[in-house]
1. Looking at Arg252 and the list (1) outside any helix (DSSP H, G or I); (2) touching a residue at least 60 places away in the same chain (Cβ under 8 Å); (3) among the basic types (Lys, Arg); (4) farther than 29 Å from Ala126 by Cα, which single condition is not satisfied?
2. Regarding Arg205, is this residue more than 16 Å from the ligand (Cβ to nearest atom) and either closer than 30 Å to Asp424 by Cβ or among the basic types (Lys, Arg) (or both)?
3. Looking only at helices (runs of 4 or more DSSP H) that lie completely in segment 1-111, which have at least 1 residues being surrounded by fewer than 20 Cβ atoms within 10 Å (Cβ to Cβ) and charged (D, E, K, R)?
4. Based on this model, can you work out whether Pro431 counts as more than 16 Å from the ligand (Cβ to nearest atom) and more than 19 Å from the chain's Cα centre (by Cα)?
5. Name the pairs whose Cβ atoms lie under 7 Å apart, with the first residue in segment 395-406 and at positive phi, the second near the ligand (Cβ under 6 Å from one of its atoms) and not polar (S, T, N, Q), and 6 or more positions between them or separate chains?
6. Could you check segment 56-108 and list, in sequence order, the residues that are closer than 25 Å to Ala389 by Cα and more than 12 Å from the ligand (Cβ to nearest atom)?
7. Looking at segment 263-303, which of its residues are assigned to a loop (DSSP other than H, G, I, E, B) and touching a Phe, Trp or Tyr at 6+ places or on another chain (Cβ under 8 Å)?
8. What is the number of the single condition among (1) at positive phi; (2) without any contact (Cβ under 8 Å) to a residue 24 or more places away in the chain that His388 does not meet?
Amino acid sequence: MTATLLPSGTERGPRRWPLLGNLPAFARDPLAFFEHLRDGYGDWVPWALGPRRNVLVSQPAHAGELLAAVESSFSPNELGWAFRQLLGNGVVVATGDDWRRKRALVQPAVRPRQVRAYAAEMVGCADALAARWSAGERVDVHREMAGLTQRIAVRTLFGSEAAGREAPISAAMATAQHELGAEFRGVTLFLPSWVRTPGRTRMRRAVNVLDREIAHVIREHERASAAGEERDDLLSRLLAARDEHGHPLSRRELRDESITLYIGGHETTSTTLTWAWQLLSGAPEARARLTEELDRVLGDRLPTYEDYPRLPWTQQVVKEALRIYPPIWLISAVARDGARIGGRPVPAGTTVWTSPWSLHRDPRWFPDPLAFRPERWDDDAPDPVPEHAWIPFGGGPRACLGARFALVEAALVLAVLARRFHLDSGPDPVPVFPGLTLQPARPVHAVLRSPERSRAGLT
Ligand code: HEM
């Protein structure tokens with residue numbers, strides 16, 4: 001197709017289509033688009049989505065400034081119909097004072113001391129999966145990891161007592177998550193809320209199931225709490241939380257935060273694990289170091305929360321997987337009056353974007369950026385990583401609340417499973433699909449093998 005492209009204005013940036021701006025290139029392949037802007041136009045690139053003015057920043061310091069200024073000189077970007085339908089006004093959707101109150105109420109439930117209580121559930125679920133697997137079997141890695149993190153999410157959120165309700169909750173969450181992803185990348189993001197589409201009908205049905213199931217779980221927790229039963233799951237923590245005026249979260253707020261924590265944590269962690277297995281499959285040396293560490297630290301026993309700091313290589317594998325395949329691949333915020341980045345004014349209404357994908361793959365901060373090298377994260381690595389060049393969990397006041405939860409979960413799951421299996425999916429890279437999270441674009445099939453051990457006699 002030929003059309004006249006508009007000049008990009010006074011700043012250096014890609015040329016734009018009339019009315020659409022850079023929407024076609026962004027919609028076709030947003031990951032390649034961001035890398036193209038970074039490589040072709042520099043660290044500060046104006047571009048347009050329809051009439052909306054945008055800037056992509058690619059300097060880590062600028063990304064850090066943007067993240068730090070959200071909720072002061074920048075507003076969070078507005079989320080679409082599907083997000084509001086599913087997450088209500090939970091901490092991801094809320095803004096301003098409402099967000100501040102909710103963040104303060106949710107944060108204690110995901111503190112390291114609490115994550116310690118959830119670790120046993122994470123390990124138990126992973127061990128049950130390992131018991132179902134046998135060497136020589138062929139598995140769909142992403143499906144297995146999604147099933148596993150789903151079980152962990154339901155049990156850590158609602159307690160093992162909720163195991164009986166796992167099936168309907170997980171099925172409805174999976175539908176809702178699929179529809180969120182479809183809206184995120186599709187035209188429905190721009191449709192008014194009264195427009196009905198088949199996807200929106202599916203979303204409404206899933207939300208009805210979730211509302212019913214979660215209302216039941218909340219009532220059951222309220223009964224247990226009134227009876228003086230001590231429970232360690234996330235919902236029990238949320239029920240016990242009080243704001244500065246001594247007020248608890250309402251039932252509606254408990255529902256919103258439960259779904260928010262599930263959606264925030266499940267798919268992000270399952271894709272992290274899938275990518276980690278895929279990267280390990282093509283890296284025999286990194287795999288051998290992993291097996292050696294697990295054998296040395298754990299021997300024949302299962303890991304506990306206390307083992308987490310004693311598994312630095314396992315942690316580095318996770319960190320490096322999050323670098324190459326950051327589940328949340330773009331972050332944006334809208335400038336308010338007086339916003340500045342890197343000392344330069346940003347006109348109010350401009351959306352400033354930074355992309356963990358393109359930052360993490362920038363050879364200036366990560367030499368040979370496509371190579372899977374967990375040793376980059378060694379304490380004495382020769383090339384220190386600049387602050388904010390690695391931002392899989394965002395940063396600033398709205399940084400991920402579940403970062404510790406996710407890092408511990410991913411490391412403990414890897415530790416349990418890699419001790420017994422090598423997931424051999426071959427060395428070839430898998431294409432990515434940038435949906436709500438960075439997904440494999442096709443199934444990742446692996447043959448389960450026994451991990452290779454050195455001849456030091458470790459079996
Ligand atoms: C590898 C896994 C994870 C990744 C990569 C990830 C990434 C992120 C990122 C980048 C943000 C900030 C988004 C933005 O600024 O636009 C965020 C926010 C958030 N995440 Fe995570 N996350 C992960 C796991 C989790 C888990 C396990 C939970 C809950 C247990 C969780 C709960 C949240 C919540 C509640 C927020 C919103 C915080 C706020 O707006 O104040 N995340 N996450």
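1. (1)
2. yes
3. Hits in segment 1-111: 23-28, 30-41, 81-87, 96-106.
4. Considered against the rule, which asks whether it is more than 16 Å from the ligand (Cβ to nearest atom) and more than 19 Å from the chain's Cα centre (by Cα), Pro431 comes out as no.
5. Final answer for the pair search is none.
6. Leu56, Val57, Ser58, Gln59, Pro60, Ala61, His62, Gly64, Glu65, Ser72, Ser73
7. Gly282, Ala283
8. The one condition His388 does not meet is (2).
Read-outs throughout are calculated quantities, based only on the coordinates presented, and are distinct from any laboratory measurement. Computed from a predicted structure; not experimentally measured. Glycine also receives a Cβ, built like all others from the backbone with ideal geometry; neighbour counts cover every protein chain displayed.
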